[in-house]
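The values are calculated or read from the model by the stated rules, or taken from the named source; none is laboratory data. The structure presented is a predicted model; accordingly, all values stated were derived computationally and were not measured. Neighbour counts run over all protein chains shown; Cβ positions are idealised from the backbone, glycine included.
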Amino acid sequence: MWVIFLEKEAVLLAASTQAKWRYRDQLWLALWLRTVAAAEIATWDWLRLDRCLLASWPQRPERLQATPRPQTPFLTILDQVYPQGLAEIYRPPLILYYQGNLELLATPKLAIVGARACTNYTQYCLRRLIPPLVQNQITIVSGLAAGADQLAHQETLLAHGQTIAVIGTGLDVYYPPANRSLQQLIGQKGLLLSEYPLGTAPRRYHFPQRNRIIAGLSQGVLVTEAQHHSGSLITANLALQENRNVYALPGNILQETSVGTNELLAAGATPVLTAADLLVDFQDRRAK
């Protein structure tokens, strides 16, 4: 019999591409694979894997079939480079497709999010805050959306810093289309991440799901501007649930895009007036 030499990553990838294997099934499979030595599973074929799964888990959704390896590289929750902090969040992504420098996953990271329809206030503030962060080797994480996300990435690159973009499409899809050049540049100079395979178009629910990855990757989340009901506030709430620091820029109480950030401050978020307000927490973490 012709034997296909298996890797744990290939097994998890196969489950992720089959509709009947829902998230909880894939998570169970990942936990099971952790108990199996890599050298042992490498000698199996798909039929033997199926028999072992049947013995361990009679209610598994369906047999696993081999899946072609995607054209773009990916990492799984089983890999050593997978960030521990991300693995500990609620519903961690089991597979992440990537383009760029994976070493950025091991760096101190600050997420910066805000309104898509932000004002010039966001740009003025980021232009002051980001260069000191870059000088302290802090990687900026955001979602490559229009507005504050776009500015966070751009200002980081202008300051010759490192940035990670977590997107809600396949890595070969550009959304919004205006950020095509920026996305390509981040793929060359920084790191692009997505839990969606190549060719995946944007869907409304992708972006709240993406926000949990942004929060989980980072030591803290800074919200620049946000309306009362805002996706940025979702990210901030996710960060709080995962015991991350939440920061906000104080804003004009008469400005609609400052309502959300001022509410965060009233609820206990750390106000940011200078980069030092952010750096002190990163320095404390490094000292521990």
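Quick notes on this structure:
- Helices (runs of 4 or more DSSP H) contained in segment 1-83 and holding at least 3 residues closer than 19 Å to Y196 by Cβ and under 23 Å from the mean Cα position of the chain (by Cα): 8-16, 23-34
- Among the residues making up segment 225-270, those that are of a type outside the set (A, V, I, L, M), touching a His at 6+ places or on another chain (Cβ under 9 Å) and surrounded by fewer than 22 Cβ atoms within 10 Å (Cβ to Cβ) are E256, E263.
- Meets criteria (within 25 Å of V81 (Cα to Cα) and without any contact (Cβ under 8 Å) to a residue 60 or more places away in the chain) for H229: no
- Within segment 144-171, being over 20 Å from P132 (Cβ atoms), outside any strand (DSSP E or B) and β-branched (V, I, T) holds for I167, T169.
- Selected residue (only one of A37, A106 is in the same structural domain as A165 (by TED's automatic domain parsing) and out of contact with any Ser or Thr (no Cβ under 6 Å at 6 or more places or on another chain)): A106
- Odd one out for Q84, checked against (1) within 30 Å of F282 (Cβ to Cβ); (2) surrounded by 13 or more Cβ atoms within 10 Å (Cβ to Cβ): (2)
- Among residues of segment 97-144, those that are of a type in the set (V, I, T) and closer than 30 Å to L12 by Cα, counted: 4
- Residue that is over 17 Å from L191 (Cα atoms) and either of a type in the set (S, T, N, Q) or in contact with a strand residue (DSSP E or B) (Cβ under 6 Å, 6 or more places away or on another chain) (or both), where the choices are T76, T72, T107, T67: T67
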